[in-house]
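One structure is given below, encoded as C-alpha cells.
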Amino acid sequence: MKVMVRKSGEQYTIYVAKKDLEEPIVAMEKPTLWGGWAKIANGWTLELPDLPPDTRLPITVEAKKLGSE
C-alpha cells in the first residue's frame, strides 16, 4: 500500500490515504527507519523500503502491512 512518511520534530508519522488514517510511529526496527518494520499507534506493523538514511521527508513509498495486534 502507498503511505506517506513525514517527520514533525522528533516524531515520525504515517498517512494512508486510502484509509484516511494518520498515525504516529511508536516503534521501529532500525533507527534510520528505512529497510525494516515500523509499528504505528493503531497496532499495524508496516515493512518500509530500504532507502538512504538522508532521504528527504515527506515522501510517499510502497509499504507492506505485516500484521496487527
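Bear in mind these aren't lab numbers, they're just calculated from the coordinates by the rules spelled out. Note that the structure is a prediction, hence the values are computed from the model and not measured. Reconstructed Cβ throughout: ideal geometry from the backbone, glycine too, with neighbour counts over all protein chains shown.
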Descending packing, highest mean Cβ count within 10 Å first, for 11-23, 36-48 is 36-48, 11-23
Can you tell me how much longer the chain between LEU66 and VAL26 gets when fully stretched, taken as 0.36 nm per residue apart minus their C-alpha distance, in nm with one decimal?
12.9 nm
Let me know the whole percent of all Cα-Cα pairs from the stretch 2-67 that are separated by more than 17 Å.
28
